[in-house]
1. Filter the stretch 69-98 for residues that are in contact with a helix residue (DSSP H, G or I) (Cβ under 6 Å, 6 or more places away or on another chain) and open to solvent by 30 Å² or more (accessible area, probe 1.4 Å); which is modelled with the lowest pLDDT?
2. Evaluate the following for GLU45: is it closer than 18 Å to ILE6 by Cβ, among the acidic types (Asp, Glu) and loosely packed, with under 15 Cβ neighbours inside 10 Å?
3. Could you check how many residues of the stretch 17-30 are at pLDDT 90 or above and either assigned to a strand (DSSP E or B) or open to solvent by 80 Å² or more (accessible area, probe 1.4 Å) (or both)?
4. Residues to consider are LEU40, LEU54; find the one that is modelled with pLDDT of 90 or more and under 13 Å from the mean Cα position of the chain (by Cα).
Amino acid sequence: MQSTRIIHEELTFDLESRRVLKNGVPVSLTAKEFKILETLLKRPEKIFTRDELLQIGWGYDFMGDSRSVDMTIMRLRKKLEDNADEPKYVRTIYGFGYQLGGGEA
C-alpha cells in the first residue's frame with residue numbers, strides 16, 4: 001500500500017485527509033494553496049513555472065493571469081514559513097518559477 005503522507009523537514013502532508021502539519025500543528029490551507037504545495041512536494045527537484053502552477057491550481061480555462069500564482073505563493077509562505085521574507089519551503093527561482101526548498105544550504 002502506497003503511503004499517502006509526504007514528510008519534508010517539519011512539514012507533514014497527508015494526501016488522503018488533505019491535512020498539512022508543521023511541527024505537528026495543523027496549518028489551514030485553501031484548496032489552491034494545498035494543490036500548489038502538493039505539486040511542489042511530489043516533485044521537489046522540478047522548478048515549476050507560474051504558467052504550470054496556474055494550470056495546476058486554476059485550470060486551463062482560467063481567465064486571470066500568473067500574478068494569481070504569486071499571491072497564492074505569498075499567502076502559502078505566510079502560513080508555512082518562519083520568515084516569509086526568507087522562504088525555506090517555497091523558493092523562488094528567479095527567471096524560472098518556484099521550487100520546493102530546504103535540505104540544502
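The values are calculated or read from the model by the stated rules, or taken from the named source; none is laboratory data. Just so it is clear, the model here is predicted, and its values are computed rather than measured. Every residue, glycine among them, receives a Cβ derived from its backbone with ideal geometry; neighbour counts consider all protein chains shown. What goes into the accessible areas is simple: the full protein's heavy atoms, side chains included, and nothing from ligands, DNA or RNA. Shrake-Rupley method; radii C 1.70, N 1.55, O 1.52, S 1.80 Å.
1. Among them, the one singled out is ALA84.
2. Values: closer than 18 Å to ILE6 by Cβ: yes; among the acidic types (Asp, Glu): yes; loosely packed, with under 15 Cβ neighbours inside 10 Å: yes.
So GLU45 passes the test.
3. 9
4. Unique residue meeting the criteria: LEU40.
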